[in-house]
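One structure is given here, and the rest of the page talks about it.
The values are calculated or read from the model by the stated rules, or taken from the named source; none is laboratory data. Just so it is clear, the model here is predicted, and its values are computed rather than measured. For neighbour counting, all protein chains shown are included, and Cβ atoms are generated from backbone atoms with ideal geometry for every residue, glycine included.
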Ligand code: ASP
């Protein structure tokens with residue numbers, strides 16, 4: 001028999017009682033976390049989101065209440081009225097914040113029962129993730145999940161408060177809208193009222209936030225859901241949350257200052273102190289120093305050790321003396337086993353004519369003086385892992401590199417070496433640095449990467465694509481190259497390869513946290529960019545007509561950025577995957593296991609929408 005709540009009111013949460021509360025009456029409500037039956041004494045750990053308090057039912061005190069308590073099982077929901085008592089010295093639990101006290105039960109109301117759950121919130125061994133996702137309501141009761149979701153709330157609130165104090169307005173933009181390109185497929189929503197037409201869920205509020213600047217709101221932000229239909233790579237979600245903002249008349253560093261400010265507030269909310277301003281690095285420099293556009297600054301950059309090599313080394317090792325010889329150093333990983341060393345070579349994927357020398361000891365045995373010079377140049381210490389990447393004597397040039405390099409300070413062959421080495425450095429860091437605990441908790445190394453290339457050459461389509469999105473402004477100094485470039489659209493060596501974007505990424509420990517840019521505010525420049533992307537005026541009008549029209553009516557210079565909230569919270573909560581910080585996430589196959597979505601719909605619904613579904617082959 002269940003009891004009614006009646007007029008009973010909770011006086012305390014379960015995690016708050018302390019020694020100073022001894023003697024007080026209290027009414028606690030929560031879930032039965034654990035039950036221990038010691039004959040005449042029955043102990044219940046009562047749990048809510050604030051923690052746990054031990055409740056004791058004593059048969060000598062009240063046999064009827066004790067008997068009722070005997071029927072309690074895990075995850076029953078109860079209300080207990082009692083008196084707070086100090087525990088005997090030998091029963092104090094120092095691992096529990098409320099461990100100095102217990103509640104001596106005087107009245108018990110069983111408010112609800114629970115079936116035996118497929119797993120218990122208090123279990124320390126994690127059950128299979130599919131079971132957790134299917135019974136997410138149980139999973140979310142676990143203290144780690146409660147902590148993650150609380151962290152998410154605190155971080156979002158700190159950001160909201162900070163931005164509001166800086167004069168930003170939080171403004172909502174529609175979900176049922178039309179395609180906003182961010183490089184993924186759209187999720188479509190069919191219209192019933194106009195059969196055969198579809199809304200697109202926004203990949204980002206990009207065009208709306210720009211229109212808000214055209215509308216005079218000056219500073220906008222939104223903590224907003226975005227939808228991208230991508231072939232899901234390991235840790236992606238089809239719907240995810242961005243901290244999206246836009247401002248009028250900014251310099252790039254005006255945006256950076258705002259982001260640094262709210263990140264400081266967000267990190268403080270999660271208990272970490274960070275110290276902006278963050279360092280800044282040109283995209284080209286990031287490639288030369290780290291071989292990647294999102295460098296992890298916790299590990300040292302590349303060192304070019306070409307000059308340490310004698311002519312005979314170069315010959316015997318069959319490497320090209322005119323190309324960089326990159327030394328990758330991962331500090332303090334200790335001695336690698338034979339197997340670990342053998343694992344390195346398969347991690348290396350040459351982007352064209354690059355070679356790897358993974359066994360530095362072997363080099364040292366053969367060329368002692370060279371190895372010594374290299375180690376000195378690297379300032380290498382005991383237990384550092386050193387791997388060399390060099391151009392093969394007959395290096396061919398990476399095709400994609402050709403375009404990039406033609407107007408840049410780096411040649412295609414060099415680029416091939418840098419990017420191959422960059423990927424290897426990352427793989428080594430993941431495999432060895434993490435395992436050998438080279439990274440310290442709370443070591444947050446932020447970086448702004450700036451001046452990205454405006455365009456990327458699409459080999460398959462033989463045309464230029466926007467590296468960011470098509471509303472990103474080119475560098476003012478590169479407008480001439482842009483004008484020349486649109487005359488050479490299908491040429492990978494076009495001056496378009498050298499046009500820099502006023503785009504920037506904020507990077508944290510090798511992860512891209514956010515991406516933004518100064519936008520195009522002039523109609524003539526926007527048209528030229530569409531042309532560069534192989535879109536004629538009609539096509540551009542068909543896709544973005546409303547936006548192009550708005551640009552015609554006094555658009556102020558503007559710019560902004562968007563940062564991934566889920567990823568940020570994941571880092572701050574020390575979680576391993578995005579699914580650990582999203583209350584109701586989807587699997588890698590974009591399925592919500594709890595509600596079982598997506599699902600087929602009824603014939604009637606389809607008919608109303610004017611949709612006929614073709615069964616996929618094989619069904
Ligand atoms: N809309 C961009 C994105 O979602 C961010 C921005 O440029 O503000 O990546």
| query | Which one of these does residue 525 not meet: (1) away from the ligand (no atom under 16 Å from the Cβ); (2) farther than 30 Å from residue 260 by Cβ; (3) in a helix (DSSP H, G or I)? | reply | (2)
| request: Go through segment 456-474 and give me each residue that's away from the ligand (no atom under 16 Å from the Cβ) and either on the phi < 0 side of the Ramachandran plot or more than 32 Å from the chain's Cα centre (by Cα) (or both). | output: 457, 458, 459, 460, 461, 463, 464
| query | Could you say whether any residue in segment 123-135 is surrounded by fewer than 18 Cβ atoms within 10 Å (Cβ to Cβ) and in contact with a strand residue (DSSP E or B) (Cβ under 9 Å, 6 or more places away or on another chain)? | reply | no
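Conditions tested, residue by residue: (1) touching a helix residue (DSSP H, G or I) at 6+ places or on another chain (Cβ under 9 Å); (2) at negative phi; (3) surrounded by fewer than 22 Cβ atoms within 10 Å (Cβ to Cβ); (4) not in a strand (DSSP E or B).
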{"residue": "535", "(1), (2), (3), (4)": "yes, yes, yes, yes"}
{"residue": "545", "(1), (2), (3), (4)": "no, yes, yes, yes"}
{"residue": "550", "(1), (2), (3), (4)": "yes, yes, yes, yes"}
{"residue": "562", "(1), (2), (3), (4)": "yes, yes, no, no"}
{"residue": "569", "(1), (2), (3), (4)": "yes, yes, no, yes"}
{"residue": "575", "(1), (2), (3), (4)": "yes, yes, yes, yes"}
| said: Taking the conditions exactly as written (within 16 Å of the ligand (Cβ to nearest atom) and assigned to a helix (DSSP H, G or I)), does residue 518 satisfy them or not? | reply: no
| field | Pairs with Cβ under 6 Å, 6+ apart, first in segment 278-298 and without any contact (Cβ under 8 Å) to a residue 40 or more places away in the chain, second surrounded by fewer than 20 Cβ atoms within 10 Å (Cβ to Cβ) and part of a loop (DSSP other than H, G, I, E, B) | value | 289/301
| Is there any pair with a first residue in segment 461-483 that is without any contact (Cβ under 8 Å) to a residue 40 or more places away in the chain and under 13 Å from residue 533 (Cα atoms) and a second that is within 16 Å of the ligand (Cβ to nearest atom) and assigned to a loop (DSSP other than H, G, I, E, B) whose Cβ atoms are under 9 Å apart and which are 6 or more apart or on different chains, and what are they? | 467/452; 467/454
| task | Quick one: count up the residues across segment 206-223 that are within 12 Å of the ligand (Cβ to nearest atom) and out of contact with any helix residue (DSSP H, G or I) (no Cβ under 9 Å at 6 or more places or on another chain). | result | 4
| request: Report the residue count in segment 145-193 for those that are within 16 Å of the ligand (Cβ to nearest atom), surrounded by 16 or more Cβ atoms within 10 Å (Cβ to Cβ) and modelled with pLDDT of 95 or more. | output: 9
| Of all residues in segment 194-205 being without any contact (Cβ under 8 Å) to a residue 40 or more places away in the chain and within 15 Å of the ligand (Cβ to nearest atom), which is nearest to residue 552 (Cα to Cα)? | 205
| Would you say residue 262 is modelled with pLDDT of 95 or more, within 16 Å of the ligand (Cβ to nearest atom), over 18 Å from residue 558 (Cβ atoms) and in contact with a helix residue (DSSP H, G or I) (Cβ under 8 Å, 6 or more places away or on another chain)? | yes
| request: Go through (1) under 20 Å from residue 423 (Cβ atoms); (2) at pLDDT 90 or above; (3) surrounded by fewer than 16 Cβ atoms within 10 Å (Cβ to Cβ) and name the single condition residue 328 misses. | output: (3)
| task | Within segment 19-50, work out how many residues are touching a helix residue (DSSP H, G or I) at 6+ places or on another chain (Cβ under 8 Å) and either closer than 16 Å to residue 109 by Cα or in a strand (DSSP E or B) (or both). | result | 3
| Among the candidates 227, 240, 221, which residue alone is within 21 Å of residue 510 (Cβ to Cβ) and buried (at least 17 other Cβ atoms within 10 Å of the Cβ)? | 240
| request: Could you grab me the full set of residues in segment 94-112 that are assigned to a loop (DSSP other than H, G, I, E, B) and exposed (fewer than 14 other Cβ atoms within 10 Å of the Cβ)? | output: 94, 95
| said: Looking at the structure I just gave you, is residue 496 more than 11 Å from the ligand (Cβ to nearest atom), at pLDDT below 95, outside any strand (DSSP E or B) and crowded, with 22+ Cβ neighbours inside 10 Å? | reply: yes
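This table checks each residue for (1) outside any strand (DSSP E or B); (2) within 17 Å of residue 364 (Cα to Cα).
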| site | (1), (2) |
| --- | --- |
| 313 | yes, yes |
| 321 | yes, no |
| 326 | no, yes |
| 335 | yes, yes |
| 340 | yes, no |
| 344 | yes, no |
| 350 | yes, no |
| field | Of all residues in segment 240-255 being away from the ligand (no atom under 13 Å from the Cβ) and closer than 20 Å to residue 205 by Cα, the one that is farthest from the chain's Cα centre (by Cα) | value | 249
